[in-house]
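The values are calculated or read from the model by the stated rules, or taken from the named source; none is laboratory data. On a predicted model such as this, the values are computed, not experimentally measured, just so you know. No Cβ is skipped: glycine too gets one built from the backbone with ideal geometry, and neighbour counts run over all protein chains shown. All accessible areas refer to the heavy atoms of the entire protein, side chains included, with ligands and DNA or RNA removed. Shrake-Rupley method; radii C 1.70, N 1.55, O 1.52, S 1.80 Å.
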Amino acid sequence: MRYLKDDVQLRKSVFILIVDDIEQNLQVLGEILTAEGLRFAAAMNGKKALEVVARRRPDLRLLDMLMPDMDGYEVWRQRKANPETADIPVIFLTAADDKERLVEAFEVGAVDYITKPFHSSELLSRIYAQLELQKTREALQDANEQLRQSNEMKDRLFSLVAHDLRGPFQTFISTANLLTHYMDRLTKEQLVQMGHRLTETSQNLFTLTDNLLTWARVQMMQNNVTPQAVDIGVITSTCIELFGSRAIEKNITFINNASAGAVATVDVELFNTVLRNLLSNAVKFTPLGGTITIESNYADRAIYCSVADTGIGMSEDKIAKLFSRESHSTTAGTEGEKGTGIGLLLCKELLERNGGTITIESSVGQGTTFHFTLPESLPVPVEM
């Protein structure tokens, strides 16, 4: 854990607003903060203080309780009414040991107070205490938001999985029933057709299960990855081979322009999962006789990849909703192929959680290109 008091770089990131109508008080406060390496802005009245806050959000305010025209209470009330600044902690400055005024200060939301004349050690101790509390609150808010998003993603994924599992299992059950009860009446062509149906259904179930297990691994390990040196060209060729039989059925041509010998340090499972899902998506939406082109290269300490197809393409509205957790639906492929529902959502989460990006270019009737990037070396969390 890094504490502000002991960390010069962290202290430089702090911004404090001090407000007092007496110039000498501002000078004393300024000298104390400057000696500590804390950045600040000074204001001699409430109006000026509001102008400073409007330009830059402070981490803490030292606010004189009694000032002409607009006192500290009124300044605090006006900023409290603004949701963007309402949570900024304030320490009131007071020259009088007036219990009633101090009670009023705490009632309007003060977190602490300091009496004049200022004692450097006491002032800094109270400032650091509030800054650390604020830092902790912000960390908790970030953690809560991440947890909310994770739970939202989990609920969405499980909803999609429950929906997508029904289709393949219903196909298995209905096909098994036909084979059991009508085997002697089925022609060779009908048996071959059922075999193809079972093969495709098995592939869909495998992809769905693999995506779900990968997502579960990501959630359990958070950002932990297992980076290792890999040849991007080799991985790309291996992934293409997985879709060879389906490509032959649809007479789809793969063009592999991945850079052979381009070695990068990445999590192999992560890279494989993203590439497999994008290739599966391309095969699904590319019509008979189409082409899928894979580009992959290493430059500027990052991996740049793209999967382009000559498929049916997408409208701008469809693209906008493609990665949405709230509005997500599957579309049948050019030969009626069923989607797994969670593939692209998983790609997006895997890439973003490991410092990568994914973007889409598409035109209806002309095809789609997915671009994704990964840093040369995936980040490994540092214990705090």
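Applying the selection to the stretch 130-156, what residues are surrounded by 14 or more Cβ atoms within 10 Å (Cβ to Cβ) and in contact with a helix residue (DSSP H, G or I) (Cβ under 9 Å, 6 or more places away or on another chain)?
Listed by number, the residues that qualify are LEU131, GLU132, LYS135, SER150, MET153, ARG156.
Of everything in the stretch 150-171, what is of a type in the set (Val, Ile, Thr) and at pLDDT 70 or above? Give them in sequence order. Can you show your working first?
Within the stretch 150-171, the first condition is being of a type in the set (Val, Ile, Thr), and the residues that meet it are 161, 171.
The one that is of a type in the set (Val, Ile, Thr) and at pLDDT 70 or above: THR171.
Might you check whether a residue that is at positive phi and modelled with pLDDT of 80 or more occurs anywhere in the stretch 45-63?
Narrowing the stretch 45-63 to residues at positive phi: none.
There is no residue in the stretch 45-63 that is at positive phi and modelled with pLDDT of 80 or more.
Can you tell me which residues in the stretch 215-237 are more than 19 Å from THR265 (Cβ to Cβ), polar (S, T, N, Q) and modelled with pLDDT under 80?
Scanning the stretch 215-237 gives GLN219, GLN222.
Yes or no, residue by residue, for (1) open to solvent by less than 40 Å² (accessible area, probe 1.4 Å); (2) at pLDDT below 85; (3) of a type outside the set (Gly, Ala, Ser):
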site	(1), (2), (3)
ILE294	yes, no, yes
TYR298	no, yes, yes
GLY341	yes, yes, no
LEU345	yes, yes, yes
ARG353	no, yes, yes
PHE372	yes, no, yes
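Can you pull out the residues in the stretch 29-66 that are within 10 Å of LEU17 (Cβ to Cβ) and in a loop (DSSP other than H, G, I, E, B)?
Residues satisfying the conditions are ARG56, ARG57, PRO58, ASP59.
So SER362 clears everything in (1) part of a loop (DSSP other than H, G, I, E, B); (2) among the small types (Gly, Ala, Ser); (3) at pLDDT 90 or above except one condition, right? Which one?
(1)
From the list ILE319, ILE240, pick out the single residue that is touching a helix residue (DSSP H, G or I) at 6+ places or on another chain (Cβ under 8 Å) and either open to solvent by 40 Å² or more (accessible area, probe 1.4 Å) or at pLDDT 80 or above (or both).
On the way: ILE319 fails: touching a helix residue (DSSP H, G or I) at 6+ places or on another chain (Cβ under 8 Å).
The conditions single out ILE240.
Would you check if ALA308 is at pLDDT below 90 and in contact with a helix residue (DSSP H, G or I) (Cβ under 9 Å, 6 or more places away or on another chain)? Break it down stepwise before answering.
Values: at pLDDT below 90: no; in contact with a helix residue (DSSP H, G or I) (Cβ under 9 Å, 6 or more places away or on another chain): yes.
The answer is no for ALA308.
Looking only at the stretch 26-43, how many residues end up being open to solvent by 30 Å² or more (accessible area, probe 1.4 Å), of a type outside the set (Val, Ile, Thr) and either under 40 Å from the mean Cα position of the chain (by Cα) or under 17 Å from MET65 (Cβ atoms) (or both)?
From the stretch 26-43, those open to solvent by 30 Å² or more (accessible area, probe 1.4 Å) are 27-28, 31, 34-37, 39-40, 42; that's our starting set.
Those still in the list that are of a type outside the set (Val, Ile, Thr) too: 27, 31, 35-37, 39-40, 42.
This time we only want the ones that are either under 40 Å from the mean Cα position of the chain (by Cα) or under 17 Å from MET65 (Cβ atoms) (or both), so: 35-37, 39-40, 42.
Qualifying residue count for the region: 6.
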